[in-house]
Amino acid sequence: MFTIKRIKISNIKILWLFLVGILGISCFIFWRDYCTLKEATEELYALQEEYRSYLTTLKQIIDELAPNGEQEESTENDSADEKKKQSNSSGEFEIVDRRPAYLKQSLLNYIQEKDLNIDMDEIDRIYESYMDHTTERISSLRKCKLRSSGRQSVQRPITRHRRPYARDIIFSWPLDREHFWISSFFGRRKRSDGSWGFHRGIDLAALRGTPIKSVASGKVIMAGFAQGYGNTIIIMHNDKYKTRYAHLQKLKVKTGQIVRRGQLIGTVGATGYVRKSGRDASHLHFEVYRMGKQINPLYYLA
């Protein structure tokens, strides 16, 4: 009788251990599914925020395309074009318009992005012809308008946008194109206090830890922490050009190191002074220097 009871107790212990094992395995599976669901949810929230920013930009574009009559001359358009850059602290895109100067620059950026083999001088000639035609059309419309009102026409000088320098070097993009979007352009933008400042590079918004590559071969002349820029890398490519990569999370190179085009030099982060509208402000601040002066990087990116 005593033996039978011991056997029953032993069986109960085995059954208990079996149930505890099943419960532990189930908890582990549920915990793993929870972590996966949490990551998917965070990614979904991030996509939702990006989708909302797209909707805001689309609404602004629709408002811009509303019929407002004939456009003014290129001189007035240039100043208006600067005022319509909405690269503020919320990281919105630049408002798209249909002015000849803006369309030309958009076409040049598209050609550089797609690596199309097109002569840039030919593009300049095409747009000069187009702008001359547009100027003649506006002048004729004004003459008709002034003739009907009895006033004489006064033609104003026309200014044209040109690339400030010949493109004697071509840089590759520091991030893979499918891993970022341009959150702030080169030029005037509002500071967090509402005043106007000047952004001397471009911001490429990307997930923290995204690999950063050297845009061309050169020598690392600075790799460390810089005031305002955070973790920063500066590469001297030749006697004329150097590039800066700022707000990095990790540095993968050292000062004095020789790097080649496309080599991993760091990862995207949010160190230094950054502005953010959501949970994460991770981005790459990228600058191009020509003879020590900061210039628009979009002119030199392939």
Boolean, Tyr241 is closer than 18 Å to Gly201 by Cα, in the same structural domain as Ser184 (by TED's automatic domain parsing) and modelled with pLDDT under 90 | no
Which residues, counting only those in the stretch 254-302, are without any contact (Cβ under 8 Å) to a residue 12 or more places away in the chain and polar (S, T, N, Q)?
-> none
Could you say whether any residue in the stretch 24-46 is at pLDDT below 75 and outside the structural domain of Arg279 (by TED's automatic domain parsing)?
-> yes
Can you tell me which residues in the stretch 224-271 are part of a loop (DSSP other than H, G, I, E, B), within 22 Å of Leu301 (Cα to Cα) and small (Gly, Ala, Ser)?
-> Gly262
Out of curiosity, is Ser277 at pLDDT below 90, on the phi < 0 side of the Ramachandran plot and not assigned by TED's automatic domain parsing to the domain that holds Glu43?
-> yes
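The values are calculated or read from the model by the stated rules, or taken from the named source; none is laboratory data. Predicted, not measured: the structure shown is a model, and the values here were computed from it. Ideal geometry is used to build each Cβ from the backbone, glycine not excepted, and the neighbour counts take in all protein chains shown.
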